[in-house]
1. Just to be sure I understand, how many residues within the range 446-477 are among the small types (G, A, S) and either open to solvent by 20 Å² or more (accessible area, probe 1.4 Å) or not in a helix (DSSP H, G or I) (or both)?
2. Say we look at the range 182-196 and pick out the residues that are touching a residue at least 12 places away in the same chain (Cβ under 8 Å) and open to solvent by 60 Å² or more (accessible area, probe 1.4 Å); which of these is farthest from E232 (Cα to Cα)?
3. Restricting attention to the range 222-234, and to residues there that are surrounded by fewer than 23 Cβ atoms within 10 Å (Cβ to Cβ) and at pLDDT 80 or above, which single residue is farthest from V146 (Cα to Cα)?
4. For the range 570-587, enumerate the residues that are crowded, with 17+ Cβ neighbours inside 10 Å, closer than 23 Å to A540 by Cα and touching a residue at least 24 places away in the same chain (Cβ under 8 Å).
5. Output the residue which, of all residues in the range 1-37 that are touching a Lys or Arg at 6+ places or on another chain (Cβ under 6 Å) and open to solvent by 30 Å² or more (accessible area, probe 1.4 Å), is modelled with the highest pLDDT.
6. Select from the range 588-615 the residues that are at pLDDT below 80 and surrounded by fewer than 20 Cβ atoms within 10 Å (Cβ to Cβ) and write down the one among them that is nearest to D463 (Cα to Cα).
7. Would you confirm, using the coordinates I've provided, whether L133 is part of a loop (DSSP other than H, G, I, E, B), closer than 30 Å to R194 by Cα, touching a helix residue (DSSP H, G or I) at 6+ places or on another chain (Cβ under 8 Å) and at pLDDT 80 or above?
8. Within the set of pairs 6+ apart or on separate chains, which have a first residue in the range 424-440 that is touching a residue at least 40 places away in the same chain (Cβ under 8 Å) and open to solvent by less than 10 Å² (accessible area, probe 1.4 Å), a second that is polar (S, T, N, Q) and in a loop (DSSP other than H, G, I, E, B), and C-beta atoms under 6 Å apart?
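The values are calculated or read from the model by the stated rules, or taken from the named source; none is laboratory data. Everything quoted here is computed from the prediction, not taken from an experiment. Please note: Cβ atoms are built from the backbone with ideal geometry, for glycine as well, and neighbour counts cover all protein chains shown. Each accessible area value is taken on the protein alone, full model and side chains, heavy atoms only, with ligands, DNA and RNA left out. Shrake-Rupley method; radii C 1.70, N 1.55, O 1.52, S 1.80 Å.
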Amino acid sequence: GGGAGGGMPKKLKQFLLNYDPPGIGLEFREVGGDKVEVVHKDLPDRSRVQHLKDIMPLVDKLIAEDENLTARRHRPALIQLLGRLYQVDVRGADGEDGPESPQSKDNPEDDAGDAEGDDAPWQEGRTVVMIGLQGKHAVHNGETGVISKAKRDKGKYEVTVKGEVIKLKGTDNIVLFQDAPLVVNTAVVIRGLRNHTELNGCLGRVVECHTETHRFEVRATESSQLFRVKQENLTPIDGNYIPVSIIKGGQENREPNVNPSPRGAKGAAPAAADASLIGGAGGDAADDDEFFEAGSSVKLQGLKTAMVYNGQTAEVLSVDRARHRYEIRLGDGSVKTIRSENVRLVSRARVVVALLPQHYICVLEDALRSGGVEDVYVRLRKEHGSSPSFFLYSASLVLNHSSENAVLASRICSNCLEMDVQDVQMMRSFGYFLLKADRMEFALAVFDRVRALAPAEPQSFLDGALARTFRCLRGGFQEVAFREAIELATTVMNNHWADRFVEIEWPALVLLHMLMDIGAQQGLKDLWPLEDKFRTPDFALGLVVWLGWDTDHTDIDLHVVEPSGHEIFYGNKRSAIGGHISRDFTQGYGPEVYVLKAPPSGTYTVKAKYYASHQQSTLTGATSAVIWALRNTAGGGAELQFDTVRLDRNKVMMEVMKVVVPA
């Protein structure tokens with residue numbers, strides 16, 4: 001097809017699901033080239049899509065709105081993908097069991113099942129892992145096989161496992177094998193257990209790596225039980241193709257007194273009885289799974305008296321199991337008690353799986369003082385190299401020791417990308433680090449990749465705009481980068497974003513006004529990209545402090561202590577000298593912004609309080625806070641300070657920057 005916007009011919013390569021907020025991306029690749037473009041399509045909130053009848057109009061709407069999609073080629077795949085996204089059983093949907101298209105046999109590229117380009121998942125020859133098999137085939141759970149015959153139009157498959165052919169109806173008993181390293185958040189299948197064969201074929205995700213013992217802690221997808229498993233008993237899989245029934249079973253709020261078993265373990269005793277398998281994981285998790293632990297994020301529902309709270313998100317503070325009650329904190333800070341049946345899980349409590357490892361930090365510090373840090377790093381990498389947080393912490397330590405180490409530190413930090421983990425938070429952390437190390441061009445490339453991976457998040461565009469502004473002020477003015485910064489900030493203003501990003505337009509508008517002032521100093525005028533009603537005359541600000549972060553669903557509070565000692569934060573938004581702070585962002589990436597038109601001379605102390613996170617920083621082990629401070633100088637120019645710090649302790653106030661305004 002012609003792609004999303006004309007020009008060079010482009011081919012639809014694959015679909016990309018975005019779970020929060022719901023959306024789907026169409027990834028196009030230039031025919032005969034390497035250029036990739038992702039077009040994002042917003043989808044309704046999960047609460048509005050509960051049944052197959054809700055999915056079908058969405059599929060038809062997607063096909064009607066994009067000329068690159070056709071009902072014959074793409075409808076079945078879209079039905080399956082949206083079923084997975086909304087956790088709806090779509091078996092038997094229109095278009096899933098229809099007659100085979102005669103054209104599909106003549107032209108493989110027109111195959112109705114090949115909706116994801118050359119990477120369609122259930123093709124003949126693909127390596128898969130067996131799960132949930134019953135009867136005589138149960139011995140093959142967890143084993144790998146190859147799809148030897150696929151009739152995708154009829155939903156029939158034959159898989160060859162160790163010379164035996166297993167015939168399947170549908171894909172509920174296979175998941176895609178993926179040749180990937182075993183790192184935190186990798187989707188895996190348990191295999192090859194001899195004493196607990198009922199666990200073979202159990203799906204889960206790695207939550208912690210014990211490299212010294214070659215053991216991995218895995219949380220089961222369906223039951224949420226925690227297992228400690230040897231490396232040879234885990235097979236990595238593609239987490240994007242897990243059967244809907246398993247995802248749904250693992251996320252629904254179970255009824256009391258139900259003791260869930262892993263897939264394939266019908267009637268099995270709780271696996272926690274085997275101390276050698278569970279190790280120090282904490283015993284049988286089944287009883288605890290009836291409740292959501294403190295720190296979990298929940299949505300209120302079914303309230304009849306206080307109906308105004310239905311749909312609001314809250315944080316679980318404590319659990320009263322005897323009375324089936326939760327103590328929760330709402331978004332406005334108020335604390336209430338609510339029955340268990342009136343909450344629905346949004347995300348489980350944040351688990352920090354990679355705290356600051358004092359051992360290797362101390363070893364690196366000694367090496368920096370005595371010399372030979374590169375040799376010491378190489379040795380430590382063999383032990384800790386399975387965790388991206390090791391590279392991020394080590395690089396920060398090396399750079400903070402001396403700015404002359406910028407090249408070495410950047411090289412160390414870049415090692416996390418060699419793990420080939422397309423994690424947006426990790427890549428944002430890497431981009432921020434490159435800015436701090438003054439590696440501008442590399443940082444811009446990283447932020448551009450983040451924007452392609454997460455086009456539904458305004459932070460992806462703001463990061464790109466701020467990085468280009470930084471490039472112009474610190475590395476020499478470049479008009480191309482400057483105009484790109486304006487375009488990216490304008491995108492934030494013009495798009496409709498998810499509810500957790502409400503009022504994100506305010507900081508974007510501040511940034512656009514700042515860019516207009518910078519452009520005017522370079523002789524570039526009349527660049528305002530919006531309607532005049534959005535522009536404020538004489539907007540020039542003497543001081544702007546901007547705090548953002550790299551982890552979604554996170555609340556970090558900006559505090560600015562003015563020279564008088566007066567502290568401005570979300571609970572005290574204005575000061576006598578005109579200081580003002582933006583709204584308190586508690587769910588997205590921020591930013592929170594402090595502005596002051598005519599700052600009196602003195603020192604402005606910038607602090608960050610890591611209040612809460614409702615999303616696991618499983619790969620990086622912490623949240624990176626980024627601080628930008630723009631100060632207009634007496635000569636009419638602008639001075640920009642930038643820093644990034646890693647926050648891994650909740651409720652702790654941390655001083656992150658000092659801005660000095662001379663007399």
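1. So the answer is 5.
2. Once the filter is applied, the top-ranked residue is N185.
3. Among them, the one singled out is R228.
4. S582
5. The residue in question is K11.
6. Within the range 588-615, the match that is nearest to D463 (Cα to Cα) is Q615.
7. yes
8. M426/T620; S429/T620
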